[in-house]
Amino acid sequence: LDYYAVRSRLATLSDADMRAFQQAHGDLPAADILHYRWLKHLGGRREWQRLLDNFRPTSDAELNCYRLRALLAGGRREEALAGVPALWTVGHSQPKACDPLFEAWIDAGGLTEGRVWERLQLALDRGERRLARYLLRFFDGPLARWADALYAVHLDPAQAARSGAFPDDGRYARVVIAHGLERLAPRDPPAALAAWRRLQDTHAFP
């Protein structure tokens, strides 16, 4: 009952109110749940200093993005941007609260094709095609053709088994081929096996 009573007035909750609830109910899961709800409320209202004053380490991406945005707003730019890669490099979409943080990081030159390539692989490994399509727009250098190829073989794994499709024996070619064959193997084992035997003679797979 205390939890629901306090939760209903997050907008007017003082730091002292939250501390009192934590002291009274700190041994219950509801205490952590309420604290994280409150921090997200502070983040949504951009009450950055209060958020930093009451922040606790957490694996919650939304809260961590709010924390880094708070640091950014407080002039601790280098510290804030240093924490962005760990939040960016995941195989799923992050909460909208992270968008302003990512934009600031990208504007500061933090995003490289290598980082986008890493996230593209993670996204496709998880089957996150929508995220993968979004990531393709960030490629404008040497990796662009390999990013397109990786996405293409994800959609049509048989491309990886076609003779001469990827003649270059480079790191990125091998990633594309391996991803395609791993997806093709359950669908057409004979074709995947034949391609694998052929490609071992032309590409330096481990």
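Structure summary
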read-out	value
Accessible surface of Glu118 - all protein chains present, 1.4 Å probe, nearest 10 Å²	90
Apportionment of accessible area to carbon and sulfur, region 66-145, percent (1.4 Å)	46
Over region 14-70, relative contact order from alpha-carbon pairs under 8 Å, at least 6 apart, %	29
Over region 37-132, relative contact order from alpha-carbon pairs under 8 Å, at least 6 apart, %	24
Zone residues, region 97-115, relative to Arg37, backbone N less than 20 Å from point 7 Å out along Cα-to-Cβ	97
Cα-Cα P(r), region 1-44, percent of pairs per 5 Å interval	5, 24, 41, 23, 6, 1
Heavy atoms of Asp148 accessible to a 1.4 Å probe, total area in Å² rounded to 10	90
Rounded accessible area per residue of region 83-206, 1.4 Å, Å²	53
Accessible-area order (highest first, 1.4 angstrom probe) of the listed residues Glu182, Glu113	Glu182, Glu113
Relative contact order of region 100-152, pairs being alpha-carbon contacts under 8 Å that are 6 or more residues apart, as %	33
Coordinate range along principal axes, alpha carbons of region 1-153, Å, largest first	58, 33, 21
FRET efficiency, Asp148 to Ala86 (Cβ-Cβ, R0 22 Å, nearest 0.05)	0.25
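The values are calculated or read from the model by the stated rules, or taken from the named source; none is laboratory data. Because the structure is predicted, anything quoted here is derived from the model rather than measured. Ideal geometry is used to build each Cβ from the backbone, glycine not excepted, and the neighbour counts take in all protein chains shown. These area figures cover heavy atoms from the full protein model, side chains too; ligands, DNA and RNA do not enter into them. Shrake-Rupley method; radii C 1.70, N 1.55, O 1.52, S 1.80 Å.
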